[in-house]
Structures are given as C-alpha cells and as structure tokens.
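**Q** Below you will find the structure I want to go over with you.
Laboratory data are not the source of any read-out in this text; all were calculated from the coordinates shown. On a predicted model such as this, the values are computed, not experimentally measured, just so you know. Here Cβ is always computed from backbone atoms with ideal geometry, including for glycine, and neighbour counts include all displayed protein chains.
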Amino acid sequence: MSSGALTLAGTWRLARLHLRSSWAVVVGCPLLLAAIVVTTTASIAELYPTSAARAGYAATMGDSPVAWAFNGRGVDLEGIGGIAAYEVGFMGQLAIPGVALVLGIGLTRRLEQAGVLELVTAYRVSRCAVPGSALLVALGSWVLFALVSAAGLALLDVTGPGVVAYPTLLALFGLAFTGVGVLAGQLAQDTRGASALASGVVLAAFVVRMVVDGRRLDGLDWVSPMSWLAAAHPWGEWVWWPALAFLALAMATAVASLLVAARRDLGSGVLPHRAGREEASRFSTTLPGLAWRLTRARVVGWALATVAWGAAVGSMAGDGPGGRRQPGAGHGPGRHGEPRGGVRAARLGDSGGRGRGLRHEPTRR
C-alpha cells in the first residue's frame with residue numbers, strides 16, 4: 001500500500017482491538033464523567049429546592065466575576081439544571097478535555113511508541129486506520145457518556161430541554177478535544193511531545209475563556225471553545241451554533257489527522273526534534289546538569305503556564321460585578337489601612353447581597 005493512500009482498511013479490526021485491550025479507559029472514563037454530572041445535579045437539587053433559593057444563588061454566586069472566570073458564564077440559573085451546569089463548569093472544562101486527550105493520544109501515539117502498531121500495520125491495516133479507529137472508539141465513549149448522563153438526569157426528575165441537550169453538548173465538547181489529541185499524536189514525535197502540545201492547547205483555551213468571561217467581554221464568547229458551552233444555553237433557549245462549531249472542530253481535526261497519518265512514516269512525526277549540541281557542556285556532565293537536561297522542558301512549560309495563569313487572574317484584580325473596577329479602588333489606603341471614601345461599604349454591599357440593608361457611610365477621618 002502506498003504511503004500516501006488515504007484508505008481506512010482494517011479500521012473495524014483495530015477498533016475491536018482497542019475495545020479488548022483498553023476497555024477500562026474507553027468505558028470507565030465516560031462513566032466517571034457521567035457520575036460527576038449526575039451527582040452534582042443531585043446535590044444542587046437538594047441544596048436549592050425552591051425558586052427563592054435558586055434566585056439567591058443567581059444573585060450572588062451566579063453574578064460573581066471570580067466565579068465566572070473559573071466556572072464560565074452563569075446562564076439559565078433559574079433552574080436546577082442551569083446551576084448544575086454552572087457548578088460542573090470548572091471541573092468539566094478540564095476533566096472532559098483531559099479524558100479526551102487520554103483517548104486521543106493513548107489509542108494512537110502511545111501504542112505506536114510501544115511498538116504495538118508496527119505489528120498491527122504489518123497486516124492488512126492501513127496507516128489511516130490508526131487515527132480512524134481511535135476516533136471511532138472515542139465516539140462510542142462519548143455516546144455512552146451522553147446516554148448515561150441523560151438517563152441519570154431523568155431519574156432525578158430534572159425537567160427541561162437540557163436533560164438531553166446538556167449531555168449531548170458535553171459529548172460534542174469531548175469529541176472535539178479528542179480530535180485535538182489524535183492530531184497532536186500525529187504531529188509530535190513521541191507521546192510526551194503529543195501530550196505537551198495538546199495540553200498546551202487545552203490550557204490556552206481555558207485561560208482565554210477565563211479572561212473573556214471574568215472580565216465579561218461581551219461578543220467574544222466565540223474566541224475559545226470552552227466559551228461555547230455557556231453560549232449554547234442548553235438549559236434555556238437552545239442556540240445551535242456552538243454545537244455545530246464543536247462538530248466542525250471534531251471533523252476538521254479528524255480529517256487533518258487522517259491526512260497526516262497517510263503521509264508520515266511510522267514512528268516519526270511532523271514537528272521535528274531540535275538538534276542537540278555536538279559536544280556536551282561541562283555543566284551537562286554533572287548530576288545537576290543531567291537533572292536539568294531531563295526536566296527542563298517540564299520546568300519551563302509549567303513556569304510559562306504559571307505566568308500565564310497569574311497574568312490572567314491578575315488582569316481581573318479589583319474588578320467588581322460586571323467586570324468593572326470598583327469606584328475608588330487603587331487610590332491608596334486611608335488611615336489605619338482602610339480604603340478611602342465609601343468603598344468599604346460598597347464592597348460589603350456587593351458581597352452581602354447587593355448592599356441590601358447596608359448604608360453607604362464615609363470613613364471617619
């Protein structure tokens with residue numbers, strides 16, 4: 001078979017192999033994610049059983065810029081499903097892509113680096129069958145997640161269109177990032193490089209969404225795929241474009257993965273390794289030098305991630321409701337370290353139910 005042939009021969013055979021050898025990950029991870037969605041919804045139904053309780057939640061946690069930064073935009077918070085989706089936000093936006101990368105990279109590059117795919121493709125299995133079978137198995141995993149989640153929500157007597165729409169949207173979200181993982185596995189030279197590349201994409205998407213939502217930049221919910229979850233309004237008036245965008249992203253990464261797999265050699269990647277020095281430095285021959293050589297990529301990567309995270313959180317410092325800086329903030333402290341003017345009372349009003357029952361009194365000089 002020619003190296004550039006775009007065929008999927010042996011896809012079903014390889015998919016069955018994945019199900020037999022990696023069934024714990026393929027089945028266990030979707031069930032674990034579904035359990036998170038269902039248990040979170042059950043907890044919300046117990047904590048906020050009345051409309052008044054849910055209205056209080058929407059007026060406090062649902063309108064907090066910090067909560068928006070971590071969980072995403074609070075929408076449709078008048079119902080149990082909307083609050084549950086809001087509470088799942090932070091964990092779901094990291095856990096679902098994490099599982100997606102485990103499926104996308106684990107069923108492709110990890111097996112290739114272990115030498116398994118070299119034996120498999122020696123039979124009548126095309127190169128494109130490797131990413132094709134991984135995407136097929138991952139599709140089944142996300143369908144299982146959606147079905148179990150929807151069944152669990154129905155058993156909790158949660159009403160509304162989100163009983164089906166919300167799990168389906170999360171499944172499309174996971175499928176899109178599975179495609180990112182599969183594509184990273186085709187581009188990188190090894191498993192570590194693929195994981196670093198795909199994890200960088202996930203972190204960048206989360207930080208961009210955190211800044212956009214935390215500062216309440218209206219009209220920019222299309223910038224990050226993680227903003228598409230709230231933009232779809234699964235528990236309210238359904239918006240179609242986020243679901244279609246997830247589907248388009250999944251299809252684009254799938255096609256790109258097939259094209260790269262058809263043209264690259266087994267065991268290689270598209271992104272080249274950086275050539276090392278011809279002679280080792282004196283520092284590299286020492287134990288600290290060896291430790292730095294082995295860990296420098298992770299150290300630099302985590303350092304850059306920490307700086308990006310700190311910059312994103314710091315950009316929202318001093319922001320009040322609506323992403324606007326509080327009046328009087330940043331004008332220096334008054335006597336005994338207290339803020340000047342009536343900022344203290346204003347802040348107490350914002351954190352204690354929008355100033356209900358609190359008077360705006362200036363600080364005595």
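**Q** If R₀ is 41 angstrom, what is the calculated FRET efficiency for the pair residue 280 and residue 308, using the beta carbon separation as r and rounding to 0.05?
**A** Using R0 = 41 Å, I get an efficiency of 0.80.
**Q** Would you mind ranking 78, 112, 237 by Cβ crowding within 10 Å, fewest neighbours first?
**A** 237, 78, 112
**Q** Show me the three semi-axes of the equivalent ellipsoid for segment 163-251, from the C-alpha gyration tensor (sqrt of 5 times each eigenvalue), largest first, rounded to whole Å.
**A** Over the Cα atoms of segment 163-251, the semi-axes work out to 25, 17, 9 Å.
**Q** Stokes-Einstein diffusion coefficient for segment 1-100 at 25 °C in a medium of 0.890 mPa s, Rh from the Kirkwood formula over Cα pairs: what value in µm²/s?
**A** In µm²/s, the coefficient is 150.
**Q** Magnitude of the Cβ-charge dipole of segment 1-76, K/R +1 and D/E -1, about the Cα centre, nearest 20 debye?
**A** In total the dipole reaches around 480 debye.
**Q** Okay, moving on. So what does log10 I(q)/I(0) come out to for segment 202-257 at q = 0.12, 0.20, 0.28, 0.29 Å⁻¹, using the Debye formula with one equal point on every Cα and no solvent?
**A** At q = 0.12, 0.20, 0.28, 0.29 Å⁻¹ the computed log10 ratios are -0.30, -0.77, -1.11, -1.14.
**Q** A follow-up question, please. Using Cβ counts within 10 Å as a stand-in for footprinting exposure, how do 13, 73, 282, 127 rank, fewest first?
**A** Exposure proxy ranking, most exposed first: 282, 13, 73, 127.
**Q** Can you put 77, 266 in order, fewest other beta carbons within 10 Å first?
**A** 266, 77
**Q** May I pose another question? To two decimal places, what compactness ratio does segment 92-178 give when its Cα radius of gyration is scaled by 2.2 N^0.38 Å?
**A** With N residues counted in segment 92-178, Rg over 2.2 N^0.38 Å equals 1.34.
**Q** How compact is segment 93-142 by the rule of thumb for globular proteins, expressed as Cα Rg over 2.2 N^0.38 Å?
**A** Relative to the rule-of-thumb radius for its length, segment 93-142 sits at 1.22.
**Q** Once a ≥ b ≥ c are taken as the square roots of the eigenvalues of the Cα gyration tensor of segment 73-220, is the result rounded (a/c under 1.5), prolate (a/b larger than b/c) or oblate (a/b not larger than b/c)?
**A** Since a/c reaches 1.5 but b/c is at least a/b, the shape of segment 73-220 is classed as oblate.
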